[in-house]
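> I am attaching a structure below and will ask some questions about it afterwards.
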Amino acid sequence: MTTTFHPTRHGELLQGARDSLPMLAGAAPFGIIFGTLAGPSGLSLLGAMGMSLFVFAGSSQFIALTLLSGGAGLAVIVFTTFVVNLRHALYSATLLPHVASLGQRWRIPLAFWLTDETFAVVQHRYGAADASPLKHWYHLGSSLAMYGNWIVWTLVGVLLGRSFEGLDKLGLEFAMVATFTGIVVSLLKTRPMVAAAITAGAVALLARDMPYKLGLLLAALAGVVVGVLLEGRTATEEAQA
Amino acid sequence: MSQYELAVILGMTAVTFLIRYSFFALGDKVQFPPLVKRALRYVPVAVLTAIVVPMVLLPDGRHWQLDWRNAWLLGALVSAFIAWRFNHLLAAMGGGMAVFFLWRWLLA
């Protein structure tokens with residue numbers, strides 16, 4: 001990522017968008033697939049666009065589709081969204097020192113647009129050596145680029161899904177499986193993490209017939225508990241050794 | 001748009017925004033307790049595995065399919081292998097999807 005540019009508002013804004021380009025390309029297929037699968041999952045055109053416009057959180061939108069087509073209840077969908085997006089609280093906490101001096105009219109929109117991608121991109125910029133007072137414009141540039149990108153590709157997906165019959169039979173959901181598998185494997189760096197994954201997978205299988213997709217939450221909870229307990233035990237053993 | 005859809009979108013919007021805004025709003029006043037911080041690190045692995053495993057092992061949602069004809073399983077294994085061996089997420093996505101669609105096409 002380049003950091004040699006004139007620190008003007010416009011310059012920062014454009015650079016933020018430009019540095020987000022790889023992320024935009026990565027998100028595009030997901031926007032398309034989300035839009036394509038929305039109809040068959042029982043979401044109207046307005047519903048699909050509304051979700052991308054207001055929720056603006058890819059993985060939870062995908063999971064919501066799976067849950068909707070599985071007949072999950074409202075409470076389960078909202079609570080699963082909460083669990084899946086909890087990681088954003090960590091981003092929010094991490095970026096706080098950089099936005100603390102800004103007014104709420106900056107903090108509210110930047111919070112609304114906070115995604116994994118923008119977090120990754122702006123962290124570099126905020127950490128750069130120059131003391132530019134305009135780095136939040138860079139943050140805004142990345143946010144707007146990601147937001148516009150997500151909405152455009154969702155719309156493309158929705159339109160494709162309505163124009164071609166049977167797109168939902170192609171198994172496009174596999175894109176989600178491939179991505180999630182890749183993310184999980186890259187996170188399996190410690191034994192407690194592996195144990196958390198195995199536990200969550202096993203409980204998800206055992207509890208798969210629970211109503212409202214409650215099995216997913218139970219599995220996630222079991223995985224987290226096992227991971228935390230094992231990590232605690234490992235830490236204690238190391239402290240005693 | 002049905003009322004149910006509207007409720008789903010409103011609910012998802014509210015929780016997602018509140019999470020993202022939590023620390024921006026509160027400032028430095030609030031800190032995560034260490035146990036919560038530790039638990040949060042396990043959330044992605046636990047949630048994502050819980051979503052993927054049933055989809056891969058029971059592709060139709062009802063019947064186990066533990067054989068080489070299961071494109072979901074094969075594709076996921078390829079994604080996992082690429083992620084583990086090369087630590088490259090885009091390649092893991094692309095490789096897994098390529099094998100998945102190739103396998104479905106070959107077996108069709």
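The values are calculated or read from the model by the stated rules, or taken from the named source; none is laboratory data. What you are looking at is a predicted structure, and each value in this text was computed from that prediction instead of being measured. Heads up, the Cβs are rebuilt from the backbone with ideal geometry, glycines too, and the neighbour counts pull from every protein chain shown.
> For B:HIS88, which of the numbered conditions (1) at negative phi; (2) within 7 Å of chain A (Cβ to nearest Cβ) fails to hold?
All conditions are met except number (2).
> Using the structure shown, decide if B:PRO33 is loosely packed, with under 13 Cβ neighbours inside 10 Å and not acidic (Asp, Glu).
yes
> Pick from the range A:158-195 the residues that are part of a loop (DSSP other than H, G, I, E, B) and touching a residue at least 24 places away in the same chain (Cβ under 8 Å): which of them is nearest to A:VAL225 (Cα to Cα)?
Per the stated criteria, the residue is A:THR190.
> Let me ask something else about it. Give all pairs with beta carbons closer than 7 Å in which a residue from the range B:78-105 that is loosely packed, with under 15 Cβ neighbours inside 10 Å meets a residue that is assigned to a helix (DSSP H, G or I) and modelled with pLDDT under 95; count only pairs at least 6 apart in sequence or on separate chains.
B:TRP84/A:VAL185; B:ASN87/A:SER186; B:LEU90/A:GLY26
> Go through the range A:69-86 and give me each residue that's touching a residue at least 12 places away in the same chain (Cβ under 8 Å), surrounded by fewer than 19 Cβ atoms within 10 Å (Cβ to Cβ) and under 16 Å from the mean Cα position of the chain (by Cα).
Scanning the range A:69-86 gives a single hit, A:PHE79.
So that you can scan it fast, the table gives a plain yes or no per residue for (1) modelled with pLDDT of 90 or more; (2) surrounded by 21 or more Cβ atoms within 10 Å (Cβ to Cβ); (3) within 11 Å of another protein chain (Cβ to nearest Cβ):
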position: A:LEU144; (1), (2), (3): yes, no, no
position: A:LEU155; (1), (2), (3): yes, no, no
position: A:ALA204; (1), (2), (3): yes, yes, yes
position: A:ALA207; (1), (2), (3): yes, no, yes
position: A:LEU214; (1), (2), (3): no, no, no
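> Out of B:VAL36, B:VAL53, B:VAL99, B:VAL78, which single residue is part of a helix (DSSP H, G or I), β-branched (Val, Ile, Thr) and out of contact with any Gly (no Cβ under 7 Å at 6 or more places or on another chain)?
Answer to the selection: B:VAL36.
> Checking the condition of a type outside the set (A, V, I, L, M, F, W, C) and at positive phi, which residue from A:GLY232, A:GLY171 passes?
Step by step, each of A:GLY232, A:GLY171 is checked, and only A:GLY171 is of a type outside the set (A, V, I, L, M, F, W, C) and at positive phi.
> If you take the residues in the range A:39-61 that are buried (at least 23 other Cβ atoms within 10 Å of the Cβ) and within 20 Å of A:GLY166 (Cβ to Cβ), which one is modelled with the highest pLDDT?
Checking each candidate, the answer is A:ALA48.
> Name the residues in the range A:67-87 that are among the hydroxyl-bearing types (Ser, Thr, Tyr) and within 7 Å of chain B (Cβ to nearest Cβ), would you? Write out each step before concluding.
Taking the range A:67-87 and keeping what is among the hydroxyl-bearing types (Ser, Thr, Tyr), we get A:69, A:80-81.
A:THR81, the sole residue that qualifies.
> For the range A:168-184, name all the residues that are surrounded by fewer than 24 Cβ atoms within 10 Å (Cβ to Cβ), among the aliphatic types (A, V, I, L, M) and at the interface with chain B (Cβ under 7 Å from one of its Cβ atoms).
A:ALA175, A:ILE183
> Considering A:ALA64, A:ALA93, which residue is at pLDDT 90 or above and in a helix (DSSP H, G or I)?
None of the others qualify; the one that does is A:ALA64.
> Using the structure shown, decide if B:GLN3 is surrounded by fewer than 14 Cβ atoms within 10 Å (Cβ to Cβ), more than 8 Å from every other protein chain (Cβ to nearest Cβ) and among the polar types (S, T, N, Q). Walk me through how you get there before you give the answer.
On the way: surrounded by fewer than 14 Cβ atoms within 10 Å (Cβ to Cβ): yes; more than 8 Å from every other protein chain (Cβ to nearest Cβ): yes; among the polar types (S, T, N, Q): yes.
Against the criterion (surrounded by fewer than 14 Cβ atoms within 10 Å (Cβ to Cβ), more than 8 Å from every other protein chain (Cβ to nearest Cβ) and among the polar types (S, T, N, Q)), B:GLN3 qualifies.
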